[in-house]
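Encoded as structure tokens, here's the structure I'll be asking about.
The values are calculated or read from the model by the stated rules, or taken from the named source; none is laboratory data. Model, not experiment: these values are computed from the prediction. Positions of Cβ are generated from backbone atoms using ideal geometry, with glycine treated the same way; all protein chains shown enter the neighbour counts. The accessibility values were calculated without ligands, DNA or RNA, using every heavy atom of the protein model including side chains. Shrake-Rupley method; radii C 1.70, N 1.55, O 1.52, S 1.80 Å.
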Amino acid sequence: MSGKVNVKKFRKVLVANRGEIAIRIFRALSELGITTVSIYSKEDRYAMFRSKADESYPLNPQKGPIDAYLDIDTIIKIALSTGVDAIHPGYGFLSENPDFADACERNGIVFIGPGSNIMNAMGDKISSKKIAIEANVPIIPGVDYAIKEVDEAKKIAAQVGYPVMLKASNGGGGRGMRIVNREEDLEKEFNEAKNESKKAFGDDMIFIEKYLKGPKHIEVQIVGDNYGNVVHLYDRDCSVQRRHQKVVEYAPAFSIPETVRQEIFDASIRLAKTVGYRNAGTLEFLVDADNHPYFIEMNPRIQVEHTVSEMVTDIDIVQTQILIAEGYPLASEEIAIPSQESVTCIGYSIQTRVTTEDPANNFLPDTGEITVYRSGSGNGIRLDGGNAYTGAVISPYYDSLLVKAISHDRTFLGAVRKSIRALQEMRIRGVKTNIPFLVNVLNHPTFQSGQCYTTFIEETPELFELTKSQNRANKIIEFIGDRIVNSNNGEKPFYENRVLPKLDKSKPVYGARDEFLKLGAQGFMQKILKEDKLYVTDTTMRDAQQSLMATRMRSKDLCGAAYATNAFMQNAFSVEAWGGATYDTAYRFLKESPWKRLELLRERMPNTLIQMLLRASNAVGYSNYPDNVVKEFIRISADHGIDVFRIFDSLNWVENMKMPIEEALKTGKIVEGTICYTGDVSNSNETKYTLDYYVKMALELEKLGCHSIAIKDMAALLKPRAAKELVGTLKKELHVPLHLHTHDSTGNGVSTVLMAAEAGVDIVDLAIESMSSMTSQPSMNAVAEALRGTKRDTGLDFEELSELSRYYNRIRSVYAPFESDMKSPNTEIYKYEIPGGQYSNLLAQVTEMGSPEEFEAIKGLYKEANDLLGNIVKVTPTSKGRH
């Protein structure tokens, strides 16, 4: 030992990482009595690792999911403001960034790892090879400097001899690496390697070395203190790789001759001492078929697979890192490694990385919610997890690692058996995993004999003969749930054969769509604005059946009415037939394609404007989707037959509606900006949802280019007098048509529509009589008759509407089990403010749970939740989020 021992204990340490490794470090710190601090990106705000730290702080929300963890300035700012003594970088992200180590030092924070000078020397492959040559450590034939031009690369490759390996100087994890077998492939691979290196590591430095076919990948774990003492913690065999990324690792590397192992140990110590290495690090070697070892690189950080070294040596490497950073020498009582001889290797350990990758689909990472998680543990099994638990949502932003399963046994085959047993015990549902593939690897004779090499996976196709999980328990539960929800109890009822509406197909049809195609969106909507006639949107095919029967009506029955609807609605504005909940329900419950439904309706209603409901960035779902997904969805919807896009945001956030509105306008179709109605504008005590609130938002939407503005009263809160006041006020301000959507849950629906018509509303949503009222829209037949002969006459024929009503009345009985028990209007809606579709869904859910008698209390809780959330807008998406 050289130099004076200087120990400074840490009180608080920040971990600049996430997931599994963050939890691993928190646990090590906690055992040492040190307060832990986590940081997290906005994408990780619900991640489990946050809850494992004593304190947790958000990173810059303006940064992307990766960039947030690479933001040195913000991390240092959090560290200083929270008074941490040190930062542990984990692996990946900033763990090998010398600028980060320097930033810590400048701000008086200890970086738990080697200093920037060592990182610069050993973290760079070219620099580390030069130092290896000085330390008399064998390296693979090649060059020890970066190559910029492809001509130079060709010359060196010819000297070294093909095949050659192209490597990013600052690379890792297989990125920036290419194997080139022929000179004619070199230029393409060289340019790709440079581009990948530039994107991944910030520079395009590439070097070339001889490619060793089928070598073993062996690495040595070392630890060094601040006083020049270095020991190794034996070796690991990391030869089971896929595209240069490790899949299964084990310790020790027992299949390498003992003399070669000792040569690698000695070289590792010699190289570490040459560079003055401190803290934990890993030196990586390739061993060819003739058992010649070659140094390839050093990782100046903790490794994912450090666990197997801990198991066979019984040394906590992460705690050793922390204690070294505090200033303790290896020989101290705290670390207790007085010499190399004191480090013993006992038994064998295997680590398998369980990921959400699908081996049957080229290891494509899967995303979604984990619906079931049961781990496999027991004697000789250690689990290091970070993202695996029931309810966890696996995002596409980060590494697909769920949990590391580490086994330990006196024999290697014993460790293999323990690993297989633990993996087979695991139950992970909701996302695909690589468990069947891992089991195949562990069962393979080549693995069990320790003879795997780096291309073993690529050259062993039988590893991909996967045994799929039966998932019996989940299937039984889903079957029982489906029976309870979707089956009738008792004797199956008798239904008459379906009889389609009577229709004279010889009559010519000229509908709103024909006029729209003639005048264009702007021209047609301005024509409506100037007319006295009250235009109607028929909601029977979408919101009416959603509100009455939980969107269960099949495409067959909807399409059965399509030809008649096309003819009978030629004087109407549109037919709302798609989007909203119909999309999800078609796939989930009806096992139908909503796209096929749209195509059939388009074919059978060529003269009718088909309208859809689009939930802004939620599209037709209940979660935010990436912009490119929403844009493409809008484009494809327009191509498949949508003529009118009604776009709304469940919280009336105009900013969230801008992109969908802009994209919908690009299609040339009619775009309707929508305001969700809440409160009561006729109430003098209303302070939040006032007339000014609605006028301001309507003008914002008009300014965005919307062809019309809709008032969407999903909770049936718009009273008749309020409708007249609201419509009258908006008509004075707007230069586009005004469209009203309401429900008849309170019994006031028809009155509300008539008062709105008196105030000048241009278009109203109504449902065919037999599909109207209650939680649905007001009766189209009733409104048409009330206005017949007036200047606001809808132009809809009484007999034709009756024919459609008779058709829907006949088929409605088929869907009776999905209807709510609401037999009469309910003015309690004004009190509880529950949207119509949500009211029927909520009642059905409460009944299914066996607590229908609790519905009154639940409605009260619903109102309390609304008040707690600040009286939010009443629409189904936000309502769904609250129960």
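Once every DSSP H run of n ≥ 4 in the chain is given -39500 (n - 2.57) and the sum is divided by its residues, what mean residue ellipticity at 222 nm do you get, rounded to the nearest 500 deg cm²/dmol?
Mean residue ellipticity, 222 nm, calculated: -11500 deg cm²/dmol.
Share of segment 519-585's accessible area from carbon and sulfur, percent, 1.4 Å?
Carbon-and-sulfur percentage of accessible area, whole number: 46.
Further question: Efficiency by 1/(1 + (r/R0)^6): what FRET value for Asp639 and Ser802, r their Cβ-Cβ distance, R0 = 45 Å, to the nearest 0.05?
Plugging the Cβ-Cβ distance into 1/(1 + (r/R0)^6) gives 0.80.
Using the Karplus equation 6.51 cos²θ - 1.76 cosθ + 1.60 (θ = phi - 60°), what ³J(HN,Hα) coupling, rounded to whole Hz, does each residue of segment 148-156 give in order, writing x for Gly and Pro?
9, 10, 5, 5, 5, 4, 5, 5, 5
For the chain, take the longest principal axis of its alpha carbons; what is the angle in degrees between that and the long axis of helix 627-639, to the nearest 10 within 0 to 90?
Helix 627-639 sits roughly 40 degrees off the main axis of the chain.
I've got another one for you. Between Lys63 and Lys527, 0.36 nm times their residue separation minus their Cα-Cα distance comes to what?
Contour length minus Cα-Cα distance gives 162.4 nm.
Step through the residues of segment 524-538 one at a time and calculate ³J(HN,Hα) from phi using the Karplus curve (6.51 cos²θ - 1.76 cosθ + 1.60, θ = phi - 60°), rounding each to whole Hz and writing x for Gly and Pro.
My calculation for segment 524-538 gives 5, 5, 6, 4, 4, 4, 8, 8, 7, 4, 8, 7, 10, 9, 8 Hz in order.
Another one. Once the dipole of the chain is set up with Lys and Arg at +1 and Asp and Glu at -1 on Cβ about the Cα centre, which of Val304, Val509, Asn607 lies farthest towards its positive end?
Val509
With the dipole of the chain worked out from charges on the C-beta (+1 for Lys and Arg, -1 for Asp and Glu) around the Cα centre, which of Ile370, Ile126, Ser38 lies farthest toward the positive end?
Result: Ile370.
For Lys505, go through the lysines and keep the ones whose alpha-carbon is under 21 Å away, minus same-chain ones fewer than eight residues off.
Within the straight-line cut-off, Lys505 pairs with Lys556.
Related question: Of all the accessible heavy-atom surface of segment 110-241, with the other protein chains kept in place and a 1.4 Å probe, what percent is carbon and sulfur?
Within segment 110-241, the accessible surface is 47 percent carbon and sulfur.
Between Glu592 and Arg788, what length in nm is gained on full extension when 0.36 nm per residue of separation is reduced by their alpha carbon distance?
Extra length available between Glu592 and Arg788 comes to 66.6 nm.
Given Cβ point charges of +1 (Lys, Arg) and -1 (Asp, Glu) and nothing else, what value in debye, to the nearest 20, does the dipole of the chain about its Cα centre take?
Here the size comes out at about 1160 debye.
Shifting gears a bit: If you take every DSSP beta bridge fully contained in the chain, what fraction is antiparallel? Give it as a percent rounded to 5.
60
Using a 1.4 angstrom probe on heavy atoms only, work out the carbon and sulfur share of the accessible area of segment 243-391 in %.
Answer for segment 243-391: carbon and sulfur cover 46 percent of the accessible area.
For segment 80-200, what is the accessible area per residue in Å² when the probe is 1.4 Å?
On a per-residue basis, 44 Å².
Give me the distance in nm between label points sitting 7 Å out from Cα along the Cα-to-Cβ direction at Asp627 and Arg182, one decimal.
It is 4.4 nm.
Now a separate question. So for segment 67-123, taking the charge dipole from beta-carbon charges (+1 Lys/Arg, -1 Asp/Glu), which of Ile72, Asn97, Ile87 sits furthest toward the positive end?
Ile87
Using a Förster distance of 60 Å, how high is the FRET efficiency between Ser449 and Ile484, based on the Cβ-Cβ distance and rounded to 0.05?
0.70
Quick one: if you stick a label point 7 Å off each Cα along the C-beta vector at Lys502 and Lys8, how many nm between them?
9.6
Anything over 27 Å Cα to Cα? Flag those among Lys130/Lys210; Lys502/Lys712; Lys125/Lys216, in the order listed.
Lys502/Lys712
Across segment 1-113, how many lysine pairs, 8 or more apart or on two chains, come within less than 24 Å at their alpha-carbon atoms?
The number of close lysine pairs in segment 1-113 is 12.
Mind checking the dipole of segment 186-313: about its Cα centre, +1 per Lys or Arg Cβ, -1 per Asp or Glu Cβ, Debye to the nearest 20?
Value, rounded to 20: 220 debye.
Same structure again: Could you sort out which of Lys533/Lys696; Lys533/Lys658; Lys696/Lys731; Lys591/Lys631; Lys533/Lys724 sit more than 19 Å apart by Cα distance in this structure?
Lys533/Lys696; Lys533/Lys658; Lys591/Lys631
If you don't mind, there's one more thing I want to ask. Using r as the Cβ-Cβ distance of Leu466 and Asp73, and R0 as 56 Å, what FRET efficiency do you calculate, to the nearest 0.05?
In this case the efficiency is close to 0.75.
With the contact rule set at Cα under 8 Å and sequence spacing of 6 or more, what percent relative contact order holds for the chain?
8
Separate question: Please report, in debye to the nearest 20, how large the charge dipole of segment 703-770 is about its Cα centre when each Lys and Arg carries +1 at its beta carbon and each Asp and Glu carries -1 there.
280
A further question on this structure: With a 1.4 Å probe and all protein chains left in place, how much accessible area per residue does segment 580-698 have, in Å²?
Each residue of segment 580-698 exposes 40 Å² on average to a 1.4 Å probe.
Give, in nm to one decimal, the length gained when the segment between Ser824 and Glu725 is fully stretched (0.36 nm per residue of separation minus the Cα-Cα distance).
Length difference between fully extended and current span is 32.9 nm.
Can you give me the angle between helix 472-486 and the longest principal axis of the chain, using Cα atoms only, in degrees from 0 to 90, rounded to the nearest 10?
Between the helix axis and the principal axis of the chain, the angle is about 10 degrees.
Can I ask one more? Which value, to two decimals, describes the C-alpha radius of gyration of the chain once divided by 2.2 N^0.38 Å?
1.18
Check the straight Cα-Cα distances from Lys831 and name the lysines below 16 Å, setting aside those fewer than 8 residues away within the same chain.
Lys719, Lys859, Lys863, Lys874
While we're on this one: Does anyone have the angle between helix 125-134 and the longest principal axis of the chain? Alpha-carbon axes, 0 to 90°, nearest 10?
10
What relative contact order, as a whole-number percentage, does segment 382-519 give when Cα pairs under 8 Å and 6 or more residues apart are counted?
Relative contact order of segment 382-519: 13 percent.
State, to one decimal in nm, how far the label point of Leu364 lies from the label point of Glu459, with both points 7 Å from Cα in the Cβ direction.
It works out to 3.0 nm between the two label points.
Provide the per residue accessible area, probe 1.4 Å, for segment 699-820, rounded to a whole number of square angstrom.
Per residue, segment 699-820 has an accessible area of 33 Å².
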